[in-house]
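The values are calculated or read from the model by the stated rules, or taken from the named source; none is laboratory data. Quick caveat: nothing in here was measured; it's all calculated off a predicted structure. Please note: Cβ atoms are built from the backbone with ideal geometry, for glycine as well, and neighbour counts cover all protein chains shown. For the accessible areas, the whole protein counts, side chains as well, though only heavy atoms, and no ligand, DNA or RNA atoms are used. Shrake-Rupley method; radii C 1.70, N 1.55, O 1.52, S 1.80 Å.
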Amino acid sequence: MIDTHTHLYSEEFDQDRKETIGRALNKGVSKFFLPAIDSETHEKMLALESEFPNQIYSMMGLHPCYVKPETWENELKLVQNYLNQRYFPAIGEIGIDLYWDKTTLDIQIKAFEQQIDWAIERDLPIVIHTRESFDETFEVLERKKHPKLRGIFHCFSGNLEQAKHAIDLNFILGIGGVVTFKNGKIDQFLNEIPLEKIVLETDSPYLAPVPHRGKRNESAYLDLVAGKLVDIYGKDFSEIDRITTENALQLFKI
């Protein structure tokens with residue numbers, strides 16, 4: 001299995017990071033993709049990647065919740081510098097978040113569009129954070145339509161119509177703990193989405209799947225997400241693992 005989205009470098013894992021990674025490896029998680037947030041955590045993220053070069057891969061980008069009026073332009077310059085220095089398998093996590101702060105929508109869109117341009121220039125996928133912002137996100141993606149524009153709708157929690165729209169735009173869906181929630185709703189239509197359009201993720205330490213909901217999430221719980229897909233798709237675990245792993249490897253070109 002591949003955890004396509006985990007914040008393993010976050011302080012929630014400072015006490016037991018190596019043990020957390022070990023538990024995941026023992027459960028069959030072979031690779032971990034780390035989304036960037038902002039300059040406060042880039043070095044920590046890249047240091048972890050250096051420690052586990054065969055298992056851990058860093059992305060680069062500016063998270064929409066950290067697009068602030070006084071710092072966002074400098075933050076984007078740092079992102080650009082990193083992208084010019086070395087290869088990253090994706091630009092992320094980027095996008096629009098209107099749950100925490102609606103006042104920064106204009107600059108969130110500017111930051112999102114700039115990072116999409118860099119992804120197209122470099123032929124890289126993007127990993128999209130969209131919270132209470134599907135309409136705004138789709139507007140940007142429609143505007144920026146390009147044969148090279150592709151990626152993941154991370155932590156997908158929309159409806160069937162939104163899922164199909166994302167796929168039409170050449171994106172796949174990141175499915176995590178939400179699929180196990182009683183009020184998550186995506187389990188009700190996910191079987192209408194081809195398994196080839198899905199990758200697994202945890203978003204750890206957030207959004208732990210049932211029965212760990214409300215506690216710290218970790219990559220070892222990815223098997224609970226895959227197990228829910230076994231029920232939804234009526235396929236055996238090894239098949240879910242094989243297809244979602246191939247999808248991730250193909251997208252990230254690892």
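Checking each residue in the stretch 61-71 for being open to solvent by less than 70 Å² (accessible area, probe 1.4 Å) and out of contact with any Leu (no Cβ under 7 Å at 6 or more places or on another chain) picks out Gly61, His63, Pro64, Cys65, Val67, Thr71.
Within the stretch 220-229, the set of residues being over 16 Å from Arg23 (Cβ atoms) and open to solvent by 40 Å² or more (accessible area, probe 1.4 Å) comprises just one member, Lys228. Of the residues making up the stretch 53-85, just one is of a type in the set (Phe, Trp, Tyr) and touching a residue at least 60 places away in the same chain (Cβ under 8 Å), namely Tyr57. Total residues in the stretch 158-193 satisfying the condition of being loosely packed, with under 14 Cβ neighbours inside 10 Å and among the charged types (D, E, K, R): the figure is 4. On inspection, Thr20 does not qualify as in contact with a His (Cβ under 9 Å, 6 or more places away or on another chain), closer than 30 Å to Ser238 by Cβ and polar (S, T, N, Q). Checking the stretch 197-211 against the condition returns a match, with at least one residue being acidic (Asp, Glu) and within 15 Å of the chain's Cα centre (by Cα). Scan the stretch 201-219 for residues that are charged (D, E, K, R) and either surrounded by fewer than 23 Cβ atoms within 10 Å (Cβ to Cβ) or on the phi > 0 side of the Ramachandran plot (or both) and the total you get is 4.
Quick grid of which residues meet (1) in contact with a Phe, Trp or Tyr (Cβ under 8 Å, 6 or more places away or on another chain); (2) closer than 26 Å to Arg17 by Cβ:
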{"position": "Cys155", "(1), (2)": "no, yes"}
{"position": "Ala163", "(1), (2)": "yes, no"}
{"position": "Ile167", "(1), (2)": "no, no"}
{"position": "Asn170", "(1), (2)": "no, no"}
{"position": "Gly176", "(1), (2)": "no, yes"}
{"position": "Glu192", "(1), (2)": "no, no"}
{"position": "Glu196", "(1), (2)": "no, no"}
{"position": "Ala208", "(1), (2)": "yes, yes"}
{"position": "Leu249", "(1), (2)": "no, yes"}
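Quick check on the stretch 108-157: of everything there that is in contact with a strand residue (DSSP E or B) (Cβ under 8 Å, 6 or more places away or on another chain) and at positive phi, which residue is surrounded by the fewest Cβ atoms within 10 Å (Cβ to Cβ)? That would be Glu132.
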